[in-house]
Amino acid sequence: MSIKISLITVCYNAERTIEKTIQSVLGQKYASYEYIIIDGNSKDGTLSVIENWSSAFNKKGIAFRVTSENDMGLYDAMNKGIRKASGSWIWFLNADDFLDENAFSAVIESEVLEQNMPCGVYGKMTRFDNGISYVVGERHLTKNTSNITFNHAATLIHRDCFNQFGVFDIRYRFCADYELFTRFVKNNVNFIFLPKNLAYMRGGGVSDKFSNYFNRGIEHYKIDYQYYSMFRVVANAVGYFGLGFIKKAIKDALVKLHFSHFVSKFYKKKYGIDDHFKS
């Protein structure tokens, strides 16, 4: 029996990027999946772009469902997607993300989705930030569970995890994903690392803005305080507001000064990333 994947895209005013997201889903070789789009009542041409692709999914026999209505933010929309999903595995791909052309094949052929226990699977993801491209999510989860490196676009979660331990906590505007993954890990959900690049993500979202760095850090602190020892809370806070702040400031400065080309060349040499993924 084939394994059914529910792939969910949440979006709002994503006319510029969502077509590439949809194309990357439609191009997957594995056909046992459904595609759910949760739109936040977009005011631009997002819905028109989505509608243009509905017939292509119908021709392939892929269930393609679209909901457009007001929501209470990104994570509220993601929770709506979870409730609509019928697959045994749930995969989030936001409108600034797109799948590797072999993403579905990679996870199916690895046989990691045949696990019977509630668990998650995560792979590598390539990010693009104003011309700088780099790979994230390469580290294995260790006993230091505060070192969570999962990324939505490269992570599949068995639906039993949501049934047993809950969905995204919408009190967090920036870090509900971090809280959710931490909650899962603390409840002994097993996460399996798949050493494959599964997705690509464009930077520049709300949480990436320098002006939101402090707000994101406060949410991280609250979540760490809930789940970890005070030593770990302090260590994470110092790392985030210390070294992390400096690293982000340097990266943003390089981009502003148009030095991103040189940084991009370094990452391409290190990870073998191709230019055509930047489009």
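The values are calculated or read from the model by the stated rules, or taken from the named source; none is laboratory data. The structure displayed is predicted, hence computed values, not measured ones. Cβ coordinates were reconstructed from backbone atoms using ideal geometry, including for glycine residues, and neighbour counts include every protein chain displayed. Surface accessibility is based on the protein's heavy atoms, side chains included, excluding ligands, DNA and RNA. Shrake-Rupley method; radii C 1.70, N 1.55, O 1.52, S 1.80 Å.
Here are the numbers:
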| read-out | value |
| --- | --- |
| Tally of residues being among the aromatic types (Phe, Trp, Tyr) and within 14 Å of the chain's Cα centre (by Cα) across region 80-108 | 3 |
| Residue in region 141-159 that is surrounded by fewer than 21 Cβ atoms within 10 Å (Cβ to Cβ) and at pLDDT 90 or above present | yes |
| Where Tyr33 falls short, out of the listed (1) in contact (Cβ under 8 Å) with a residue 60 or more places away in the chain; (2) out of contact with any strand residue (DSSP E or B) (no Cβ under 7 Å at 6 or more places or on another chain) | (2) |
| Filter result for Gly27 (farther than 22 Å from Phe193 by Cα, modelled with pLDDT of 95 or more and surrounded by 20 or more Cβ atoms within 10 Å (Cβ to Cβ)) | no |
| Total residues in region 27-73, condition of a type in the set (Asp, Glu) and closer than 19 Å to Ala85 by Cβ | 4 |
| Subset of region 167-182 [open to solvent by 10 Å² or more (accessible area, probe 1.4 Å), among the β-branched types (Val, Ile, Thr) and under 19 Å from Cys119 (Cβ atoms)] | Val167 |
| Segments classed as helices (runs of 4 or more DSSP H), wholly inside region 180-261, with at least 2 members that are modelled with pLDDT under 80, touching a helix residue (DSSP H, G or I) at 6+ places or on another chain (Cβ under 9 Å) and under 20 Å from Met78 (Cβ atoms) | none |
| Scope region 89-133; condition assigned to a loop (DSSP other than H, G, I, E, B) and open to solvent by less than 30 Å² (accessible area, probe 1.4 Å); matching residues | Leu93, Asn94, Ala95, Asp100 |
| Per-region count, region 52-79, residues within 16 Å of the chain's Cα centre (by Cα) and either open to solvent by 20 Å² or more (accessible area, probe 1.4 Å) or not small (Gly, Ala, Ser) (or both) | 6 |
